[in-house]
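Undergrad: One structure, pasted below without further comment.
What follows draws every value from the coordinates through simple rules; no lab data is involved. Because the structure is a prediction, the values reported are computed rather than measured. Cβ coordinates were reconstructed from backbone atoms using ideal geometry, including for glycine residues, and neighbour counts include every protein chain displayed.
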Ligand SMILES: Nc1ncnc2c1ncn2[C@@H]1O[C@H](COP(=O)(O)OP(=O)(O)OP(=O)(O)O)[C@@H](O)[C@H]1O
Ligand SMILES: [Mg+2]
């Protein structure tokens, strides 16, 4: 039963991807002089060189964190779209911690990661507390806070940690002891990957194997029921936001400590909003997150290769991307097809077989 | 097509996406102008069959003929257009809208482009008048008692021109008075040419009001009878496949020390009207204290306060001598209070969660089920499995989501959890609402059993039969106050209770005091 569901979910996703690719190709046919070249770049581009494979994996790492962060908030029934601000602020606090302390190799990374988690958790806790205390709608407050933490982060970096010798508005370079080491030359794939895998495991175990995760899920499913059963709903709202924020913070740390080695964002990077797409694709399940993140990063990286290597415009690329994501995300897709097989089986086994 | 059939459903088969075969080649026919009962155990497939008729589920096989021609119903809208209306087992009203808005939703009268509120209200009034279904058109749904919500649902269907009206357990939530009122309205509807399908687990009602009976078991139709020709026992035998004990055997009570003590509890509306007005009583170990009363006289509010879902404005509450007025639900549960809530869909379950997760909701952090960090999955599973078995919950497995269960089986999930939590006090609010005769027998037996093992039980029920046959002592609520108390529930007649419930009589305080102690 469960097995069949899983097979079905995977099958339907694969078919959706195939359809999306077909549609993407039709669009490319219409807009490009050299459609085959353009399309091959899109579909296979990310796999053609080791460096490109590396780029794909690098891009996947922060998406895993934000995807998990959004999953946890959504499972608690919190429509939290603040992962963007949380990861941005997490990147800032990681930078500050890395620049402030001088510590031996491994310890320094760990402390910097911890700094990112604390920064993200603070940013996440605020809408949680506002909701639990005053019933403030977390959708609005978390969205607004994205901009607050964006500005606050830029202020901290610009006025206190800015490297004036560098041409751009960036922080000082981080000491090497605080780096997430890159381990697969010539790519920049770094230890953040292992941290991401640990975060997946943590999220899964937390949600499905601990009582706090259980309370969180029940609150998300029916908060009147949770309260009736003796679960403290306001505690759940707050800790779900704190944990979600802490994981989102790691997304920022991964890029700063693993790729750039200094803080150099001028804009919100968009991973937080990608996290929402990933959570939806993964049906809010942590074990689905890495697959969804790999998928999204692949589409993004294929699209960027196509726009660099062919005549398809960047706007067209964005549209194709959007269509693919939309198709794959669609929930009801192919439900009919599956039902026929269920009927056949049920009649074979009789009632409640 | 047989003579005079308004509706013929032929060979209906419905398989739910999870593979449950809920209807298996069901034939069902209804004659014009009759009230036709559809009965069967929990999970027999009654609601499913009616959802197919109403276009909420697509059948996998079978045909529907209505007024002689074949009907392809693929949405409720189409069903409504054909003149079929349905009042659902679990209401589908918007709680924050008014009665009128709910009734006219989708068919609003308009003045130009705007919603014509006055016309809507008068339309609702007129309709209510015509069918003797009295509602307050301006009240918000969330403020009106369940009995009135029921009428709103019926009016909603009638306004849309329903000639065939399906009522899925309409009386499960009603008081005897409300039921009588409803029946009067149904008879009126029948007189005016409407046809009705009436689903109920209360066989007395079925006998009283219907013309014919169709019985389902395990997804199949097992027989159609003329109501006049069968007894209640015959029906339940057809349904369950065995004889059912319709009355409880109750050993005499041996009340021990006081478990629950309620002292001058009061609660007011924001406008200052008293919902509870100085309510005092106590419940001892080993006894069942019943509360009778017409719904909406403070019983629901009392239960909410006793279980921590609502804050009292005055008075005190003690469990085993420990003061716990306005404590949180979790704290009360730790003190041994368990609660079967009135509205199972709102408080009783998380429908998207598995049966086993619902069964564990109150005890998950106990050391039996959770270690320092991780849940003890094996213990959870085995406990859930044995509860599913013990309480006879019909489901594929304990991992099935609750939303895939029939109404009565959802209630059994709630009852199983609340009875198995090792309680000191069980607060049972309408414990057998919507469950079949076999399950009522079972829940009653369990309730008595658990009580006689030394647990205090507070029973609130709109079913007069139920409170009278189960309670050792009995209180009557009227207007937020205790107006009568009987230290021996057997010594009071139904008629006398009725007088107190309607506020026509009230006891002297001396007499009352004796019964409250
Ligand atoms: N949405 C659903 N998905 C899967 N299975 C379902 C769903 N709804 C009902 N079922 C299953 O179909 C069967 C018939 O359910 P149905 O609700 O029709 O029973 P019922 O006769 O109305 O029972 P009750 O008297 O308890 O209301 C049950 O086994 C139930 O578990
Ligand atoms: Mg039903």
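Undergrad: Give me the percent relative contact order of chain B, please, defined on Cα pairs under 8 angstrom at least 6 residues apart.
TA: 15 percent.
Undergrad: Moving on to the next point. Based solely on its DSSP helices, what 222 nm [θ] is calculated for the protein assembly as shown when runs of n ≥ 4 H residues each add -39,500 (n - 2.57) and the sum is averaged over all residues, nearest 500 deg cm²/dmol?
TA: Estimated from H runs of four or more residues: -15500 deg cm²/dmol.
Undergrad: Rank the residues B:490, B:463, B:379 as a footprinting-exposure proxy: fewest other Cβ atoms within 10 Å of their Cβ go first.
TA: Final ranking by Cβ density, sparse to dense: B:490, B:379, B:463.
Undergrad: When all alpha-carbon pairs of chain B are counted, what percent fall beyond 32 Å?
TA: Value for chain B: 45 percent of Cα pairs lie more than 32 Å apart.
Undergrad: How long is the gain from residue A:319 to residue A:106 if the chain were fully straight, where each residue apart is worth 0.36 nm and the alpha carbon distance is subtracted?
TA: Length gained, residue A:319 through residue A:106: 72.4 nm.
Undergrad: Could the peptides A:98-111, B:441-454 be put in order, highest first, of the mean number of other beta-carbon atoms found within 10 Å of their residues?
TA: B:441-454, A:98-111
Undergrad: While we're on this one: When you look at the Cβ of every residue in B:363-369, what mean number of other chain Cβ atoms sits within 10 Å?
TA: 3
Undergrad: Report the dimensions of the stretch B:202-309 along its three principal axes from the alpha-carbon atoms, largest first, rounded to Å.
TA: So the extents along the principal axes, rounded to whole Å, are 54, 41, 25.
Undergrad: Another one. Sort the following peptides by mean Cβ neighbour count (other Cβ atoms within 10 Å, averaged over residues), highest first: B:126-134, B:424-432.
TA: B:424-432, B:126-134
Undergrad: While we're looking at this one, here's another question. Using a 10 Å cut-off on Cβ to Cβ distances, tally the other chain neighbours for every residue of B:315-327 and report the average as a whole number.
TA: The mean count of partner-chain Cβ atoms within 10 Å per residue comes to 0.
Undergrad: Across the residues of B:346-353, average count of Cβ atoms on other protein chains within 10 Å?
TA: 6
Undergrad: Taking the Cα atoms of the stretch A:152-309, what is the range of coordinates along each of the three principal axes, in descending order and whole Å?
TA: Taking max minus min along each principal axis of the Cα atoms, the stretch A:152-309 gives 60, 39, 28 Å.
Undergrad: In whole percent, what relative contact order does the stretch A:41-165 give with Cα contacts below 8 Å and a gap of six or more residues?
TA: 27
Undergrad: While we're here: If you take the Cα Rg of the stretch B:5-240 and divide it by 2.2 N^0.38 Å, with N the number of residues, what do you get?
TA: Here the Cα radius of gyration is 1.01 times the empirical estimate.
Undergrad: If you don't mind, there's one more thing I want to ask. Relative contact order for chain A: what percent, with Cα pairs under 8 Å and sequence separation of 6 or more?
TA: 33
Undergrad: Can you give the FRET efficiency to the nearest 0.05 for residue B:488 and residue B:273, using r as the Cβ-Cβ distance and R₀ = 35 Å?
TA: Here the calculated transfer efficiency is 0.55.
Undergrad: Next up: If R0 is 60 Å, what FRET efficiency do you get for residue B:136 and residue B:243 from their C-beta distance, rounded to 0.05?
TA: 0.85
Undergrad: Additional query: Have a look at the DSSP beta bridges in the protein assembly as shown and tell me what percent are antiparallel, nearest 5.
TA: Counting only bridges with both partners in the protein assembly as shown, antiparallel ones make up about 60 percent.
Undergrad: Starting from the eigenvalues of the Cα gyration tensor, five times each then square-rooted, give me the equivalent ellipsoid semi-axes of the stretch B:112-183, largest first, whole Å.
TA: 23, 15, 11
Undergrad: How large is log10 I(q)/I(0) at q = 0.18 Å⁻¹ when the Debye formula is applied to the Cα atoms of the stretch A:92-179, each weighted equally and without solvent?
TA: Computed log10 I(q)/I(0) values: -0.83.
Undergrad: Within the stretch B:280-312, what residues put their amide N at less than 19 Å from the label point 7 Å along the Cα-to-Cβ vector of residue B:184?
TA: Residues B:294-296 fall inside that zone.
Undergrad: A further question on this structure: Is the C-alpha gyration tensor of the stretch A:241-318 telling us rounded, prolate or oblate? Criteria: a/c under 1.5 is rounded; beyond that, a/b larger than b/c is prolate, otherwise oblate.
TA: Cα axes put the stretch A:241-318 in the oblate bin.
Undergrad: Right, another one. Counting DSSP beta bridges with both partners in chain B, what percentage is antiparallel, nearest 5?
TA: Percent antiparallel among DSSP bridges in chain B is about 55.
Undergrad: Rg to Rh for the stretch A:1-119: what is it, with Cα atoms only and Rh by Kirkwood?
TA: We get a ratio of 1.12 for the stretch A:1-119.
Undergrad: To the nearest whole percent, what portion of all C-alpha pairs in the stretch B:343-422 is separated by more than 18 angstrom?
TA: Every Cα pair in the stretch B:343-422 considered, those over 18 Å come to 33 percent.
Undergrad: While we're here: Neighbour counts of other C-beta atoms within 10 Å: give me B:148, A:306, B:239, B:92 arranged from fewest to most.
TA: So the ranking, lowest neighbour count to highest, is B:92, B:148, B:239, A:306.
Undergrad: So what's the stretch A:33-311 giving for Cα Rg divided by 2.2 N^0.38 Å, two decimals?
TA: 1.02
Undergrad: Once Rh is set to the Kirkwood radius over Cα pairs, what Stokes-Einstein translational diffusion coefficient, in µm²/s, holds for the protein assembly as shown at a temperature of 37 °C and a viscosity of 0.692 mPa s?
TA: In µm²/s, the coefficient is 107.
Undergrad: To the nearest 0.05, how large is the calculated FRET efficiency for residue B:70 and residue A:184 if R₀ is 60 Å and r is the Cβ-Cβ distance?
TA: My answer for the efficiency is 0.35.
Undergrad: Now for a separate question. Out of every Cα pair in the stretch B:82-208, what percent are spaced more than 26 Å from each other?
TA: 17
Undergrad: Take B:337, A:70 and order them by how many other Cβ atoms sit within 10 Å, fewest up front.
TA: B:337, A:70
Undergrad: Of the residues A:228, A:150, A:239, which exhibits the maximal mean-square fluctuation in a Gaussian network model of chain A defined by a 10 Å Cα contact cut-off?
TA: Among A:228, A:150, A:239, the largest mean-square fluctuation in the Gaussian network model of chain A belongs to A:228.
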